[in-house]
1. When you scan the stretch 433-445, how many residues do you find that are crowded, with 18+ Cβ neighbours inside 10 Å and not in a loop (DSSP other than H, G, I, E, B)?
2. Taking the conditions exactly as written (in a helix (DSSP H, G or I) and at pLDDT 95 or above), does Val376 satisfy them or not?
3. Got a sec? Which of Pro187, Pro199, Pro212, Pro172 is over 21 Å from the mean Cα position of the chain (by Cα), of a type outside the set (Lys, Arg) and open to solvent by less than 50 Å² (accessible area, probe 1.4 Å)?
4. Taking helices (runs of 4 or more DSSP H) that fall entirely within the stretch 239-358, which contain at least 3 residues that are modelled with pLDDT of 85 or more and of a type outside the set (A, V, I, L, M)?
5. Determine if the stretch 183-191 includes at least one residue that is assigned to a helix (DSSP H, G or I) and among the hydroxyl-bearing types (Ser, Thr, Tyr).
6. For the stretch 215-236, name all the residues that are open to solvent by 20 Å² or more (accessible area, probe 1.4 Å) and not in a strand (DSSP E or B).
7. Check the stretch 2-11 and report whether any residue there is open to solvent by 30 Å² or more (accessible area, probe 1.4 Å), of a type outside the set (Asp, Glu), assigned to a helix (DSSP H, G or I) and at pLDDT 90 or above.
8. Of all the residues that make up the stretch 79-95, how many are at pLDDT 70 or above and open to solvent by less than 40 Å² (accessible area, probe 1.4 Å)?
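The values are calculated or read from the model by the stated rules, or taken from the named source; none is laboratory data. Source: prediction; values computed, not measured. In this analysis, Cβ positions are derived from the backbone assuming ideal geometry, glycine residues included, and neighbour counts consider all displayed protein chains. Accessible surface is based on the protein model in full, side chains and every heavy atom, while ligands, DNA and RNA are left aside. Shrake-Rupley method; radii C 1.70, N 1.55, O 1.52, S 1.80 Å.
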Amino acid sequence: MSSSPTRKQRIHLDGRTLEGGGQLVRIALALSTITGQPITIDHIRGNRTGKKGLKASHLAAIKYLADVSRSAVSGAEVGSSSLTYHPPPDAETCVRQRQEINICLPTAGAISLVFQALYPYLLHTGNCISDEEPQPQPVRVSITGGTNVSFSPSYDYISQVLVPNFARVGLPPLAVHLEKRGWATGPFSLGKVTFVIQPMGKSQESPYGFPPVDLDRYPRGKITQVDVTVLAPDTLLFGGSDQHADRKKGKSQTSDDTSQTTTIRQFIEYEIMRMLRNRLRRIPSSIVRRAKADPTAARSDENDEILPINLHTSERTQHRSHIYILIVAHTSNGFKLGRDALFGAHREDSQRKTGGRKGRPTDDRSVATELVERCVDDFVHELYDLGLESTSEGRQPCVDEHMRDQLVIFEALGKSTSKCEADGKGKEDERYYSLHTQTARWVCGQMLDVEW
């Protein structure tokens with residue numbers, strides 16, 4: 001393996017850069033611990049509305065990484081707008097990793113974001129061996145917190161999209177197990193997820209031993225299948241405020257009102273399948289692999305599917321605010337593309353859809369319909385952005401917008417000293433990159449001197 005870079009001067013990062021949120025902190029922490037470079041981050045989460053500074057989920061990652069690498073830290077407290085993190089000079093030396101790691105958040109903070117900060121370092125040290133244990137062993141990481149939290153990957157997205165995509169680009173096998181769900185809305189609920197990380201074979205091509213990850217080599221391919229996940233309560237659906245008032249007064253509904261026998265979960269399942277069938281028909285065949293029509297069958301626009309749409313998971317929750325939808329597309333090149341919607345997230349979208357009226361829909365039918373529409377709209381936009389498709393010189397990334405920023409740190413750590421050329425089918429069009437992806441590339445550029 002080639003020798004690691006020796007640059008050790010302190011890196012100063014402005015936390016307001018580009019997206020200006022917690023992702024900048026998480027990536028910087030992981031890279032600092034791996035490389036031994038000290039960092040100072042000012043104006044942490046400076047672009048966020050509301051509360052700024054460090055959150056409990058950031059502190060959990062900081063505490064673990066500092067403890068295991070013996071790093072010196074200042075400013076590590078909730079709400080802090082400045083953090084200094086100083087690994088010891090020998091931080092690049094292989095640190096013997098504990099095989100069982102348990103991290104507990106005091107609130108339903110995002111489990112996935114804590115894991116995001118730890119995972120690169122755990123891969124980096126996971127294949128350390130000792131005289132007592134000559135073979136590297138898997139590392140189990142159990143994190144208690146929230147599994148379905150706004151502005152963070154859900155457990156369902158991790159298991160159905162992130163894990164298979166990591167494997168597809170060449171990262172070691174990663175298993176994820178749901179012990180209990182935890183929600184940030186409604187009644188206080190802490191969940192738990194366990195990750196099992198397999199050791200990483202050290203690559204001789206990259207300075208830090210990570211395998212090369214070059215997404216320019218992978219065309220997206222066509223969509224071959226769609227999976228749907230619905231988490232919602234089995235309470236009966238009430239379609240409007242008048243029905244809600246009648247229910248409280250004990251009045252019965254009319255006999256032809258389907259809300260009498262339809263649950264919120266059933267309504268969401270039906271509506272999302274109906275809307276997906278309708279919208280997918282409008283997408284060009286260059287993007288969606290259409291099923292071969294049976295010329296002897298009678299055509300039914302309502303039920304005719306252009307490709308398989310499966311109900312992957314349907315799970316009952318215990319509260320009306322515990323509603324989550326995930327749509328996952330399978331591609332012909334083995335990648336997964338996901339878009340989701342969570343009750344309580346994206347309040348600004350809700351206000352826009354209601355014509356600028358304040359507040360959110362309160363009746364079950366309106367809430368469910370809004371979530372389905374948002375999820376399907378985002379999913380279709382991920383598959384087919386007409387504005388970019390018609391003007392793009394490069395190609396759309398092989399993964400979805402949110403997955404794309406998760407891969408940046410592994411691209412940077414796996415950069416080879418001898419750059420391999422793409423397969424000649426064109427590079428990614430950077431106009432598809434989200435602000436999160438741009439931010440991740442900026443942090444990696446600052447700390448690793450990589451060129452994109």
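1. 8
2. Judged against the criteria, Val376 is a match.
3. Selected residue: Pro199, the only one of Pro187, Pro199, Pro212, Pro172 that is over 21 Å from the mean Cα position of the chain (by Cα), of a type outside the set (Lys, Arg) and open to solvent by less than 50 Å² (accessible area, probe 1.4 Å).
4. 264-280
5. Looking for residues that are assigned to a helix (DSSP H, G or I) and among the hydroxyl-bearing types (Ser, Thr, Tyr), one finds none in the stretch 183-191, hence no.
6. Within the stretch 215-236, Asp216, Arg217, Tyr218, Pro219, Arg220, Gly221, Lys222, Asp234, Thr235 meet the criteria.
7. no
8. 6
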